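Down below is the structure, laid out as structure tokens.
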């Protein structure tokens, strides 16, 4: 039953998964938090999904599937999140002669949609913890990703490593509880 | 032996006329698996890697690839998967679809099963906990950066500003309805964009 629920949820997510990975994060969050995991776990999950090979929606599906029901659920969630996209591409290829959607018009409306989706994701995932070290990591990542060409991967791994190695020392120095 | 004759034939042919070589399905599969195993950072990183690798192999020009990529973006689904499937469809016809599909899906699936297993096993270690907390903390920052990048690249007009704001607000206020809301919104946005086109 749980497996079926995971598969159905990720099938639905797959239908609106346009806009290149990050825009879908907010939608996934609304579907899985707090039903299956909490906010903190979700953030870590997204960080892992982004720093491992593969598309973010797919990786998230695999991990949540795995946590909910092992290998079968992981496989089911992974396949179901791409079921609709694959069907859409196959159908469109065969209907291209009959159905004349204007690709540039569609792309413009999808751009509007995906910026709105990312705004929602930012709202849903806005930092709630008052831990200044974690907030500093978020601000640093923003600056790095918005104003340099450095791969965002380094922000993820760097913050993770820094927090793992020096986190307690920094917090002790600042006199806050971790 | 067969591969050798084939190679010679295509070399002779390309001497006469400069047309891209047609790869064997297995070679294409290996390339897709390799790209999807070692490229970290999602669609925006993987797409340029695909473009250059395909051109380097002589299977598809970069410009042709980016035409397909523009089409791939109009579909839901990961950009890496969509582009790989459209490229494969172009090169091999319908039998290319399962090849591209498996090539994109398999490597991350196996990697994530491994990572999930490791986290399940060692997730209670304090150092790993702190690593995951630190890594997770940057996620809102990265999303904000992407909003920044996409917004500065976008050609805005008043209508698009209003559309984006209204849709974002609706998505925030009605989280349980986000899926149907988006589907309806995309259809409406498509028609509004279409209607406004002749005015510009």
(request) Answer with yes or no whether residue A:66 is part of a helix (DSSP H, G or I), at the interface with another protein chain (Cβ under 8 Å from one of its Cβ atoms), touching a helix residue (DSSP H, G or I) at 6+ places or on another chain (Cβ under 7 Å) and buried (at least 20 other Cβ atoms within 10 Å of the Cβ). (result) yes
(request) Check region B:99-107 and report whether any residue there is over 26 Å from residue B:179 (Cβ atoms) and either under 11 Å from the mean Cα position of the chain (by Cα) or facing another protein chain (nearest Cβ under 7 Å) (or both). (result) yes
(request) Would you mind stating whether residue B:92 is part of a helix (DSSP H, G or I) and either touching a strand residue (DSSP E or B) at 6+ places or on another chain (Cβ under 9 Å) or at pLDDT 90 or above (or both)? (result) yes
(request) Could you please find all residues in region B:110-126 being within 26 Å of residue A:171 (Cα to Cα) and assigned to a helix (DSSP H, G or I)? (result) B:119, B:122, B:126
(request) From A:82, A:133, A:72, grab the single residue that is more than 7 Å from every other protein chain (Cβ to nearest Cβ), buried (at least 18 other Cβ atoms within 10 Å of the Cβ) and in contact (Cβ under 8 Å) with a residue 24 or more places away in the chain. (result) A:133
(message) Which count do you get for residues in region A:19-38 that are assigned to a helix (DSSP H, G or I) and more than 30 Å from residue B:70 (Cα to Cα)?
(response) 1
(request) Select from region B:90-119 the residues that are farther than 16 Å from residue B:25 by Cβ and either free of Cβ contacts under 8 Å to residues at least 40 places away in the same chain or outside the structural domain of residue B:40 (by TED's automatic domain parsing) (or both) and list them in ascending order. (result) B:105, B:109, B:110, B:112, B:113, B:114, B:115, B:116, B:117, B:118, B:119
(request) Give the residues of region A:117-130 that are crowded, with 16+ Cβ neighbours inside 10 Å and either more than 7 Å from every other protein chain (Cβ to nearest Cβ) or closer than 13 Å to residue A:24 by Cβ (or both), sorted by residue number. (result) A:117, A:118, A:120, A:121, A:124, A:125
(request) Report yes if residue A:141 is facing chain B (nearest Cβ under 8 Å), part of a helix (DSSP H, G or I) and either touching a strand residue (DSSP E or B) at 6+ places or on another chain (Cβ under 6 Å) or within 23 Å of residue B:151 (Cβ to Cβ) (or both), otherwise no. (result) yes
(message) So if I check each of A:167, A:160, which one is at pLDDT 90 or above and surrounded by 20 or more Cβ atoms within 10 Å (Cβ to Cβ)?
(response) A:160
(request) Report whether or not residue A:57 is part of a helix (DSSP H, G or I), under 14 Å from residue B:77 (Cα atoms) and within 7 Å of another protein chain (Cβ to nearest Cβ). (result) yes
(message) Any residue that is facing another protein chain (nearest Cβ under 7 Å) and under 16 Å from residue B:30 (Cα atoms) - is there at least one of those in region B:68-81?
(response) yes
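The values are calculated or read from the model by the stated rules, or taken from the named source; none is laboratory data. Please read all numbers here as calculations on a predicted model, not as lab measurements. We place every Cβ from the backbone using ideal geometry, glycine too, and count neighbours over all the protein chains shown.
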